[in-house]
Amino acid sequence: MRDLFWHLEKLGRVRLSDHFYLRQFLYSEIAVAYNIPNMPDNPDLAIETGTRLCQTILEPIVAEFGPIVIRSGFRSARLNDFGCRKGLKCASNAKNYAAHIWDHLDHQGRKGASTCIVIPAFNDGQTRYKTWPQLSHHLQATLPCTEPKRFKYDNAFNVGWREGQ
């Protein structure tokens, strides 16, 4: 366990962009509640795809809307599979490769990464976009992102970067 701690400690300090470190994406309520380490099988690929997500999608969102909240980010294949099997709001691994599972390619061999975020300024009515469809359309029109998928609670939504998108 001690080696696991130091590995995660080092991994979490990797800076992905101006405002984001890998540590922000490694936290998982499932991992904490069920004592399952959330650690990439392929750290180099997780860092590469996480960097692309942060630099091409999240940094422009922060620049336009101010701070964002990360609700869920990277999930290891083991953790995601557990969450799916237990009905804990995780899709299957096959659907999450190159999405929440940053360190595995999708079925088409593409790299990708996604995260679930909240934009507090949107929730507080402090943006020119007053409805979810307006915000979603704007993000898709201005960013090379995957289609944002909204969840009811807190207007949280999944958004990501995928190779060839």
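So, residue 32, is that one modelled with pLDDT of 95 or more, assigned to a helix (DSSP H, G or I) and either exposed (fewer than 14 other Cβ atoms within 10 Å of the Cβ) or in contact with a Pro (Cβ under 7 Å, 6 or more places away or on another chain) (or both) or not? Quick ask: steps written out before the conclusion?
Numbers: modelled with pLDDT of 95 or more: yes; assigned to a helix (DSSP H, G or I): yes; either exposed (fewer than 14 other Cβ atoms within 10 Å of the Cβ) or in contact with a Pro (Cβ under 7 Å, 6 or more places away or on another chain) (or both): yes.
Taking the combined requirement at face value, the residue satisfies it.
How about region 1-19: which of its residues are surrounded by 12 or more Cβ atoms within 10 Å (Cβ to Cβ) and either among the small types (Gly, Ala, Ser) or farther than 18 Å from residue 101 by Cβ (or both)?
Result: 7, 12, 15, 17, 19.
Go through 161, 132 for me and flag whichever is surrounded by 13 or more Cβ atoms within 10 Å (Cβ to Cβ) and in contact with a helix residue (DSSP H, G or I) (Cβ under 6 Å, 6 or more places away or on another chain).
Result: 161 is the single residue among 161, 132 that is surrounded by 13 or more Cβ atoms within 10 Å (Cβ to Cβ) and in contact with a helix residue (DSSP H, G or I) (Cβ under 6 Å, 6 or more places away or on another chain).
Any residue in region 47-76 that is among the acidic types (Asp, Glu) and assigned to a helix (DSSP H, G or I) sitting within a Cβ distance under 7 Å of a residue that is surrounded by fewer than 18 Cβ atoms within 10 Å (Cβ to Cβ) and at pLDDT 95 or above? List the pairs, counting only those 6 or more apart or interchain.
59/17; 59/18; 59/19
Check region 64-76 and report whether any residue there is surrounded by 14 or more Cβ atoms within 10 Å (Cβ to Cβ), more than 19 Å from residue 17 (Cβ to Cβ), touching a helix residue (DSSP H, G or I) at 6+ places or on another chain (Cβ under 9 Å) and at pLDDT 95 or above.
The answer is yes; a qualifying residue exists.
With 83, 125, 164 as the choices, which residue is outside any strand (DSSP E or B), at positive phi and at pLDDT 95 or above? Break it down stepwise before answering.
Details: 83 fails: at positive phi; 164 fails: at pLDDT 95 or above.
Just a single option satisfies the conditions, and that option is 125.
Please work out if residue 50 is loosely packed, with under 15 Cβ neighbours inside 10 Å, small (Gly, Ala, Ser) and in contact with a strand residue (DSSP E or B) (Cβ under 7 Å, 6 or more places away or on another chain).
Details: loosely packed, with under 15 Cβ neighbours inside 10 Å: no; small (Gly, Ala, Ser): yes; in contact with a strand residue (DSSP E or B) (Cβ under 7 Å, 6 or more places away or on another chain): yes.
Answer is no for this residue.
Which one of the conditions (1) at pLDDT 95 or above; (2) surrounded by fewer than 17 Cβ atoms within 10 Å (Cβ to Cβ); (3) assigned to a loop (DSSP other than H, G, I, E, B); (4) not aliphatic (A, V, I, L, M) does residue 44 fail to meet, given that it meets all the rest?
Result: residue 44 fails condition (3) only.
For region 138-158, does any single residue satisfy the condition of being within 25 Å of residue 36 (Cα to Cα), part of a strand (DSSP E or B) and in contact with a strand residue (DSSP E or B) (Cβ under 9 Å, 6 or more places away or on another chain)?
yes
Just to check your reading of the model, which residue among 141, 156 is among the small types (Gly, Ala, Ser), surrounded by fewer than 20 Cβ atoms within 10 Å (Cβ to Cβ) and over 17 Å from the mean Cα position of the chain (by Cα)? Working first, answer last.
On the way: 156 fails: over 17 Å from the mean Cα position of the chain (by Cα).
Of the residues listed, the single one that is among the small types (Gly, Ala, Ser), surrounded by fewer than 20 Cβ atoms within 10 Å (Cβ to Cβ) and over 17 Å from the mean Cα position of the chain (by Cα) is 141.
Could you list, in sequence order, all residues of region 80-90 that are under 26 Å from residue 119 (Cα atoms) and touching a residue at least 24 places away in the same chain (Cβ under 8 Å)?
Of everything in region 80-90, those that are under 26 Å from residue 119 (Cα atoms) and touching a residue at least 24 places away in the same chain (Cβ under 8 Å) turn out to be 83, 88, 90.
Could you please let me know if residue 121 is of a type in the set (A, V, I, L, M, F, W, C), without any contact (Cβ under 8 Å) to a residue 12 or more places away in the chain and closer than 16 Å to residue 65 by Cα?
Details: of a type in the set (A, V, I, L, M, F, W, C): yes; without any contact (Cβ under 8 Å) to a residue 12 or more places away in the chain: no; closer than 16 Å to residue 65 by Cα: yes.
Here the answer is no, as residue 121 does not meet what is asked.
The values are calculated or read from the model by the stated rules, or taken from the named source; none is laboratory data. These figures come from a predicted structure and were not determined experimentally. Positions of Cβ are generated from backbone atoms using ideal geometry, with glycine treated the same way; all protein chains shown enter the neighbour counts.
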